[in-house]
1. Step by step: first the residues of the range A:62-119, then only those that are among the acidic types (Asp, Glu) and either surrounded by fewer than 17 Cβ atoms within 10 Å (Cβ to Cβ) or more than 7 Å from chain B (Cβ to nearest Cβ) (or both), then the one that is nearest to B:Ala357 (Cα to Cα). Which residue is that?
2. Considering only the range B:267-294, state which residues are open to solvent by 50 Å² or more (accessible area, probe 1.4 Å), part of a helix (DSSP H, G or I), more than 9 Å from chain A (Cβ to nearest Cβ) and among the basic types (Lys, Arg).
3. Residues of the range B:463-473 being surrounded by fewer than 19 Cβ atoms within 10 Å (Cβ to Cβ), of a type in the set (Gly, Ala, Ser) and under 28 Å from the mean Cα position of the chain (by Cα), which ones?
4. Would you confirm, using the coordinates I've provided, whether B:Ala186 is assigned to a helix (DSSP H, G or I), among the aliphatic types (A, V, I, L, M), modelled with pLDDT under 95 and buried (at least 16 other Cβ atoms within 10 Å of the Cβ)?
5. Count, please, the residues in the range A:95-149 that happen to be assigned to a helix (DSSP H, G or I), over 22 Å from B:Pro298 (Cα atoms) and among the polar types (S, T, N, Q).
6. Which of the residues spanning the range B:350-361 are closer than 14 Å to B:Asp302 by Cβ and at the interface with chain A (Cβ under 7 Å from one of its Cβ atoms)?
7. If I filter the range B:295-322 down to residues being free of Cβ contacts under 8 Å to residues at least 24 places away in the same chain and either of a type in the set (D, E, K, R) or at the interface with another protein chain (Cβ under 9 Å from one of its Cβ atoms) (or both), which single residue comes out as farthest from B:Leu362 (Cα to Cα)?
8. Taking the residues in the range B:44-63 that are open to solvent by less than 80 Å² (accessible area, probe 1.4 Å) and more than 27 Å from B:Gly134 (Cβ to Cβ) as candidates, determine which candidate is nearest to the chain's Cα centre (by Cα).
Amino acid sequence: MDEPVVTVVGLRVAYGSVTVVRDVGFDLPPGGALCLVGENGAGKSTVLRCVTGLVEPSAGRVRVFGAAPDGTASFWRRVVTTVEQPSWYAGLTVREHVELVRLAGGDDPTDGRVDELLDVLGLNDLGDSTPDRLSSGERQRLLLATALARPAELLVLDEPEQRLDSAIRPVVAGLLDEHRAIGGSVLLASHDPVFVAALDCPVIRLHSGAPMPDDPGRPRPDVSA
Amino acid sequence: MTRTVEPPTRVATQLSSARRVRRWVRRRRAERGPALSLESAYVLLLTVAVTVAMIGPRLGSALWPADAAPASDRFVVVVLLGAGAAGLVLLLRQMGPLVLGRGELTWLLPTPVGRRGLLLPALVRVLAVGVVAGAVLASTGSARLATRPVTGPALAGWLVLGTAVGVLLALFAVAAQRRTTYARVADAVLPALLVVAGATVLFARVRALPSLPVVTVPLPFALAALAAAVALTVLTVRDLERFPDVRLHEPSLTVGTYLDAAYAVEPSFVADLRERRYWRRRALRSLPLRPRRGRLVPLQHDLLVLRRRGWRSGWLFATAALPALLSTGSDWLPVATLVVGAVTAAGVTLGGLRRDAAQPALLRLLGLTGQRAVAIRLVVPAVLATAWSGLAMLTLGMLGGLPPGPWWALGVAFGPTAAMIAVRRAQAGRIDNALPLLETPMGAFPPGPVLWLLNGSDVLMFAAPTLLALLGPTSPGWGWVGVQAALSAAAVLAYLYFGVDRRRPQV
């Protein structure tokens, strides 16, 4: 059996005396998808931040491609995340941002993929605009376009459906399916049951930082203890 | 029964009085405590007293020297007075000049409060600036151009003319805020006038300019100018009622950000705002990146930004004459101007690095290490700083009264060090206000702003040959140039090796 892309065991995150994530554990196989759901403050984004190495766990173990997420450039060449809203470059257009990311990923920005993404995500007419001028929903679409513009083995997406029109949500779900179809993995947090159902993937339901007991992704024994 | 819904708009009602609304707000605020605490008043008074004690005597002798200017210098004095007037209008344009506080902008502008009453205090402030600046220019002019000793009526003529011109310039700035045609003319012509004035002053150092006789200002002429200023002020006040909201929002928010930056001691607010405003006004057209240069992605980005700034960056090179212009004052002034100018030139394309330093999410998407990103993003700043400092030192060597030597080459060798300073400053991010306060005999002060200000100044030790040659002044040989070039290379390599992250996308 292939080694999991992401392994989380007995994850706990505390800020001071407040524990925001406890006893979370799961495996994400190559080509698989896993969705974290739960109300605001349930700890979904914190788990994603731990997986991407942006937050250090207070206890537990996180492995991505068999190693701790170290935040090196080679790690980020395999992993793409949208858990943080980027600060867009001044003086570059929407299209140029997507092309820049595609070129940095080692691909040809003129091979048609950028056009395809802008078209599918409804950004074609906004190609010459600058990100500062976009609405919040359009900026979210741009963020997804940049995330999907370069090769990645693992996508870590924080509420990718957020601020999107209902018409564009199935399109995003389709793009994530395509990513899985070619062997990529997806770990995401979501608030939208319809979007989650469209992805047809296992779900971990978090409540106050811990998985709900009847969940298929229930906690595994903490091997680090 | 209590009514909870207001009836539809009452059309024929009178406009509310801005004065009455402001008085109401002032009274409510006064009930919550004084606007200025004793501590703030003490700091303010101390700052003013220290500033006056430090620069007062020198400023006084600069404004009113012991003797009038010789006939051969009078033309330059007139040119400088004109430059001062142009600078005043540009400064007023930068500040609005008609602006409202954030509270009034949000709560009073979109209400049926009389616009004239709302804007009148702002207009009075602008006119006061015009009057003071005009009077200062007039007294400076009379001290140099009038017959000594300057008689009371002669000085009165100058002052009346100066204040009238100051008011007219302030009114022109207000008109330019309202009408885009005036704004376009002002923004194109006035900087050009400043460049011409600077070039004239430099030209006067190599060729004698025409002599001018003693200048007298006939009082009737000054009074006529004052009458014109008063008449135009009345017309402007009358037209305030129709001043468009759209012309008030942006300058008011800009000045609000300046005040925030001053209050929070956070200059990065202003840099961010100015950058966003600059690009928001531009209509861009996407240009294709070159696939073969994929490894140099940030360089393509910087070149694109530089290309888009285009001729606007040209103005920066016009300022390369500033160190030479200022070489008649203190020894340190041209040196400071050289460093600040070269660092500013290097900063033209450093917006990307500033954003990566503040939030590296895009850098993670690009998958670049901090070292690689900084090394590539250093290329354009190094070229710009090298070109600027080479030009500045060439002018300084020719017109700055320095001993002969390859000054231009020393400037070229200094360029990369200036670019390093700019990169360090771009990476510095925001001021660290979490540092513990330092106790001094005059009270506690936070060290964060001082440390922020000094950020990058340590790199100046790599500029020792240039600084020593200028401060000496000592004639620099080619050996000096070689040492400076070696030190610049050492500064860049040391920083890239030890100063940035070599593994993670973090700058």
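The values are calculated or read from the model by the stated rules, or taken from the named source; none is laboratory data. Bear in mind that the values here come from a model prediction, so they are computed numbers and not experimental data. Virtual Cβ from ideal backbone geometry, glycine too; neighbours counted across all protein chains shown. We work out accessible area using only protein heavy atoms, side chains counted, and drop any ligands, DNA or RNA first. Shrake-Rupley method; radii C 1.70, N 1.55, O 1.52, S 1.80 Å.
1. Looking at residues that are among the acidic types (Asp, Glu) and either surrounded by fewer than 17 Cβ atoms within 10 Å (Cβ to Cβ) or more than 7 Å from chain B (Cβ to nearest Cβ) (or both), I get A:Asp70.
2. B:Arg274, B:Arg292 - these are the residues of the range B:267-294 that are open to solvent by 50 Å² or more (accessible area, probe 1.4 Å), part of a helix (DSSP H, G or I), more than 9 Å from chain A (Cβ to nearest Cβ) and among the basic types (Lys, Arg).
3. B:Ala464
4. yes
5. Of the residues in that region, 3 qualify.
6. B:Gly351, B:Gly352, B:Arg355 - these are the residues of the range B:350-361 that are closer than 14 Å to B:Asp302 by Cβ and at the interface with chain A (Cβ under 7 Å from one of its Cβ atoms).
7. B:Arg312
8. B:Val50
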